[in-house]
1. Can you tell me which residues in the stretch 107-140 are polar (S, T, N, Q) and at pLDDT below 90?
2. Is it the case that R97 is modelled with pLDDT of 90 or more and in contact with a Pro (Cβ under 8 Å, 6 or more places away or on another chain)?
3. Of all residues in the stretch 23-36, which are in contact with a Lys or Arg (Cβ under 8 Å, 6 or more places away or on another chain) and either modelled with pLDDT of 75 or more or assigned to a helix (DSSP H, G or I) (or both)?
Amino acid sequence: MSLTHTAVTTIPAELDPCGREDHPDCGIRDVLDRIGDKWSVLVIVELAGGPRRFRELQRAIDGISQRMLTLTVRRLERDGLVLRTVYPTVPARVDYRLTETGTGLTHLVKALADWSLAHRGVIAEARHAYDQAHPDHDIR
């Protein structure tokens, strides 16, 4: 994959466990992978406040690159969580908003984000203590 590659990648049919509908992971793992991804969580939290343009999202989400934001919104759009609307203006105006499905997810994602903020200090302390006790375990 090149540095400029921004296409949404898919699993080849022969490797997709959902080729068999009775497979226990069918539908769960790929959805959790998407909504559990840090950038997806942050985009969903930001869009919970209403429609945003690309640059507004990029400015609001600290540390996300243009490429990563492009991939994230495309994946969320593909999953039916985000709607991309292009307005026929010069230059074209594009905004992103949550779909009804995406909106239904916001309280869960927001709760996860709030929990993360509330516990980041405790987690940082635990990580530091673990790293001090296990200097030979590099699991970052």
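The values are calculated or read from the model by the stated rules, or taken from the named source; none is laboratory data. Worth saying up front: this structure is predicted, and the values here are computed from it rather than measured. Every residue, glycine among them, receives a Cβ derived from its backbone with ideal geometry; neighbour counts consider all protein chains shown.
1. S116
2. Taking the combined requirement at face value, the residue satisfies it.
3. Within the stretch 23-36, R34 is the sole residue that qualifies.
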